[in-house]
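Below is one structure, written out as structure tokens; the observations come after it.
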Amino acid sequence: MNASPFLQVTDIEALYGQAILALRGVSLKVDEGAIVALLGANGAGKTTTLKAISNLLASERGALSRGSITWRGEATRHLDPADLVAKGIVQVLEGRHVFPQLTVEENLLTGGFLRRPSKRRLREDLDRIYNWFPRLKQRRKSRAGLTSGGEQQMVAIGRALMARPSMILLDEPSMGLAPQIVEEIFEIVAALNREEGVSFLLAEQNAATALRYATYGYVLEGGRVVAQGTAEKLNQLEVLQDAYLGAANGASGRRALPRASRYAQV
Ligand SMILES: Nc1ncnc2c1ncn2[C@@H]1O[C@H](COP(=O)(O)OP(=O)(O)OP(=O)(O)O)[C@@H](O)[C@H]1O
Ligand SMILES: [Mg+2]
């Protein structure tokens, strides 16, 4: 097997505005071809971890203050986000950022330009995305801002795929979407993984769904990894059996998020 994992995060600490310590020694790895879940409630540090990996913290006045990240054995510290995209890591930001005034197709095209492809190649890439997301083909001339939340999430993932990544950092794809659409999106993620070998690091509060697709997972709380293991093992954790880890902060009277010590059995 590979000597070094595809993506290796070692003991990282992240600060915002030189004062707020958002990550406190997070380590994780993603092997080539894997789907790994990064679980945790609101504010646990999932987005910060993904942004640390794709070197987007600086745009939030954040920075890594300790630790290291390597991608295929190479330290990423000095690469800018565009270099990382060129090397195969693409992040799909939380909250499905589409350009609302552009059409679905124009949005997808913005994801393809970095490689300076020929027109023919762009066309092929678009067809490939439409093949994965037939709904987007139907909606290709619609303004992205007028499409449904699920379609916007598909646009965001499709745009990432235009860069032909080998790994996608996917931040809360299920957020605010109906269960049926979430299922549809996760099925496409699974198919991309199976058929094209795309690896995923999947940040989710929706632990139950994420663990049906991931083979391995990490649970973050207060900027630390408080549990990790195979999906099967994490599924047995009582504390993860509520669908949403964010239940503690959320509405709907779900069970409160327990203390880190509750994870000790993993
Ligand atoms: N731009 C920022 N400036 C200052 N603090 C931030 C910033 N972004 C996040 N934080 C803080 O860092 C911590 C981790 O936040 P992060 O967004 O990584 O959590 P998360 O797990 O993605 O949460 P959610 O599920 O709500 O998206 C939180 O305490 C949050 O308030
Ligand atoms: Mg987040």
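Here is how the numbers come out for the structure above:
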{"item": "Among the residues listed as ARG120, ARG140, the single one being outside any strand (DSSP E or B) and free of Cβ contacts under 8 Å to residues at least 24 places away in the same chain", "result": "ARG120"}
{"item": "Any hit, the range 176-197, residues being under 25 Å from GLY88 (Cα atoms), among the acidic types (Asp, Glu) and buried (at least 19 other Cβ atoms within 10 Å of the Cβ)", "result": "no"}
{"item": "Qualifying residue in the range 211-233 (condition: in a helix (DSSP H, G or I), within 15 Å of the chain's Cα centre (by Cα), among the hydroxyl-bearing types (Ser, Thr, Tyr) and farther than 19 Å from LEU7 by Cβ)", "result": "no"}
{"item": "Yes/no for GLU13 being acidic (Asp, Glu) and within 27 Å of VAL239 (Cβ to Cβ)", "result": "yes"}
{"item": "Subset of the range 81-109 (residues that are basic (Lys, Arg) and free of Cβ contacts under 8 Å to residues at least 60 places away in the same chain)", "result": "LYS87"}
{"item": "Filter pass, LEU114 being more than 16 Å from ligand 2 (Cβ to nearest atom) and modelled with pLDDT under 90", "result": "yes"}
{"item": "The range 153-174 residues that are within 20 Å of GLU195 (Cβ to Cβ) and without any contact (Cβ under 8 Å) to a residue 40 or more places away in the chain, paired with ones that are of a type in the set (Lys, Arg) and assigned to a helix (DSSP H, G or I) (beta carbon under 7 Å, 6 or more apart)", "result": "MET154/ARG135"}
{"item": "Residue among ALA52, ALA41, ALA58, ALA37 that is surrounded by 14 or more Cβ atoms within 10 Å (Cβ to Cβ), within 15 Å of ligand 1 (Cβ to nearest atom) and modelled with pLDDT under 95", "result": "ALA41"}
{"item": "Condition broken by ALA190, with the remaining ones in (1) within 16 Å of ligand 1 (Cβ to nearest atom); (2) under 28 Å from LEU114 (Cβ atoms) satisfied", "result": "(1)"}
{"item": "Subset of the range 206-229 (residues that are under 17 Å from GLN8 (Cα atoms) and hydroxyl-bearing (Ser, Thr, Tyr))", "result": "THR215, TYR216, TYR218"}
{"item": "ILE53 being touching a residue at least 24 places away in the same chain (Cβ under 8 Å) and under 23 Å from GLY112 (Cα atoms)", "result": "yes"}
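This table checks each residue for (1) within 16 Å of ligand 2 (Cβ to nearest atom); (2) under 14 Å from the mean Cα position of the chain (by Cα).
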| site | (1), (2) |
| --- | --- |
| GLU13 | no, no |
| ILE35 | no, yes |
| GLY40 | yes, yes |
| GLY45 | yes, yes |
| THR49 | yes, yes |
| SER54 | yes, yes |
| LEU57 | yes, no |
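The values are calculated or read from the model by the stated rules, or taken from the named source; none is laboratory data. Owing to the predicted nature of the structure, the values given are computational and were not obtained by experimental measurement. Positions of Cβ are backbone-derived with ideal geometry, glycine not excepted, and every protein chain shown enters the neighbour counts.
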